[in-house]
Structures are given as structure tokens and as C-alpha cells.
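Visitor: Starting off with a structure, shown below.
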Amino acid sequence: MGFSKEQLLARLKELHINFSLIEHPVILTVEEGEKYVGHLGDALSKSLFLKDKKQRYYVVSALKNTKVDIKVLSQRLGLGKGGLRMAPSEALGEILQVPLGCVTPFAVVNESARDVSLLLDQGFKTQEHCFFHPLSNDMTISINSNDLDIFLKSIGRDPSYVDFEANPPVGKDHPPDLAALVPSGSINLPDQPEKQPSSQVPTDGNHASVNDVPTKISAKVFKSSISGKNTKEKPVNKACSTGNFADVELFVEEILHKTSRLLLSEIKEDTITQHGEKLGTVVSNNLRKGLSSDLANLAMIFKNTAYTEGFHAGSHHQPSRF
């Protein structure tokens, strides 16, 4: 079990670190953060959780308006142009032990993140105070870089500040200037077991229920539907089945595809004959069990996309002039 926000705040108080606390609804992007705390005057931050090909992980935390070029950063670390990429969603829980949208410098507090490299924007030192989530994105704290350093050193971290907008040459005569910040060891995540649809038949009830409204299932209706030509599966767009969802329509399309595919696999003549009026309950139960894992993964991909888009929006957003 990782640090909670309450434990983190208590730790800051033990270290006699001054901070201000702002509670707000859950936010996932820099733009949302600006809406709730941007008017308070301190500097907004953005963070990414990245990995390289050798399963080494990095937290990159920068001012909202600092341009962070991942390709350039990869080269400066000695990883090549394509060395860094977004860390998988399961790594948030396994390594940082924080929810989506809660990646900040505080996320390296847990022992499971001891081998994660933390790269901080040197711009933090130019600000009187900066905003960070304290392991939970339903609140934000304002803290200065000196006090952030005190906290990091208290957990055995030597803060590393980087000029993310620098682009020094890297080559035979110019070794990567950030190579020392590459973690020394890789982190292997445990395999994620896939949940299989259950064939267990419930014994309590004879109806399938939607929004608590019972609906009887007619075998005759299903017989006519499965014998028609409309049961052929519609091909799914591979871009939305395995990658990021750029918009809501692709997200919904994938959900509908998975649901219809599982539903059609459940509605067969032998199951209709076997379960009769209990078929609705059986199908409903199996849909829940068969889809819960898939839909949770799809939702995480969609949220990751929103998070990444928010990061890039923060990178290119121009500050308001007062």
C-alpha cells in the first residue's frame, strides 16, 4: 500500500515545510488545473511518467509553459531519438502507486519507485511557489523549490534540475549531458492476468435487469436474430482497438464492438434451450464478468490519452497577460 495524501501532508508538516492547500474537483489536465488554481498566482506544473526500451522509468516534471521535447530529452539521456515513451498505465499502480493524473515529484515517495529517475525543471527555482498534486488530483498544494528539495532529500533523493529547453549537441565528441540521470536498473512489472468470461449460472432470479427494470427474454426473438445475416461481426478499426483514443467516438465504437461481440457469443440456440427464461440473467451476468476488465482497460487508455493531450496543451499554451 502506497503513501496516502494524508500521510504525505503529515510528512511535510513533520519537516516544518510551509505549504498552502487548495481542494477542488478531480482534474486530469493542465488546462483544468488552470481553471481551479491558475488565478492564485503561483506557477502551474505538468508531469509525465515515461519509460525507455530497457524498462527504466522516469518522472519528468516541468513548468506549464516549459517546452519538453521527448526526442531531444531521449538523446540527452543517451537513449537515442526514440528512447522514451509513455509508461504503461499499470505501471502507475505497480511502481508509482498513484492514480492517473497524480504524477508529480511527490510520486517517488514510495519504496516501489526507488529506481525511478526524477527530472525537475530548473524553472521551478525561478518561481516563488509552484503547484503540485499531493498524490491525489482532488487537491493541489503550493510549495517552493527549496522546500521540495527538503522533502526529496528526506526520502533519500538528490534533486536533479534540468534545462528542458536546452538542445546541446550529442555525438562522438559530445557525450549525452544527462546520461548520469538514467536509472541503473530496470523494473519488470508482473504479468497482468486476463479475466475470462464466466459460464457460472446464477441461481437467484429469472429476469435480466436494466436500470432495475426487469425484462423477460424471449427465446423466439433470439432465434430469429441469430439466424439472420446481421450477426456477422463488424470489422473494428485497429487504430482504436490497440492504440490511444483520439476522440470519444472511437472510444464508444470500441466499447460497442466488444459488447456486441460478447453478446453474440452468448446468445446461441443451445444456451437458449438450456436456460429458457433465465437466459437474460445468465447473459447479463456473463456480460458483466466478461467486459469489466476490457472496459476498465479501455477507460484507462482513454484517460491516458486525455492526460497526454493535457500535457501537450500545457506545453504549447501561452500564458494569460494580466
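Only the coordinates and a few stated rules stand behind these numbers; no lab work does. Computed from a predicted model, the values in this text were never measured in an experiment. Ideal geometry is used to build each Cβ from the backbone, glycine not excepted, and the neighbour counts take in all protein chains shown.
Visitor: Take Ile155 and Leu256, extend 7 Å from each Cα along the Cα→Cβ direction, and tell me the distance between the two endpoints in nm.
Guide: The modelled label-to-label distance comes out at 4.4 nm.
Visitor: Continuing with the same structure: Could you list, bin by bin from short to long, the percent of Cα-Cα pairs of region 5-191 in 5 Å steps?
Guide: 1, 8, 17, 20, 21, 16, 10, 5, 1, 0, 0
Visitor: If neighbour count is taken as other Cβ atoms inside 10 Å, put Asp158, Asp163 in order from fewest to most.
Guide: Least crowded to most crowded, the residues run Asp158, Asp163.
Visitor: By how many nm would the segment from Lys67 to Ala179 grow when fully extended, if each residue of separation counts as 0.36 nm and the alpha-carbon distance is taken off?
Guide: 38.3 nm
Visitor: Taking the Cβ of Asp115 as the center, what net charge do the other residues with Cβ under 15 Å away carry, scoring Lys and Arg +1 and Asp and Glu -1?
Guide: So the environment of Asp115 carries a net charge of +1.
Visitor: Is there a pair in Lys125/Lys172; Lys64/Lys153; Lys51/Lys289; Lys13/Lys53; Lys13/Lys71; Lys13/Lys51 whose C-alpha atoms are over 28 Å apart, and which pairs would that be?
Guide: Result: Lys125/Lys172; Lys51/Lys289; Lys13/Lys53; Lys13/Lys71; Lys13/Lys51 exceed 28 Å.
Visitor: Something else now. In whole Å, what is the distance between the alpha-carbon centres of region 1-66 and region 107-124?
Guide: What the calculation gives is 11 Å, centre to centre.
Visitor: Turning to a different aspect of this structure: Simple spin-label model, 7 Å along Cα-to-Cβ: Glu6 to Glu111 in nm?
Guide: Taking the two extended label points, one gets 2.2 nm.
Visitor: Estimate the FRET efficiency between Lys53 and His16 by the formula 1/(1 + (r/R0)^6), using the beta-carbon distance for r and 41 Å for R0, to the nearest 0.05.
Guide: 0.45
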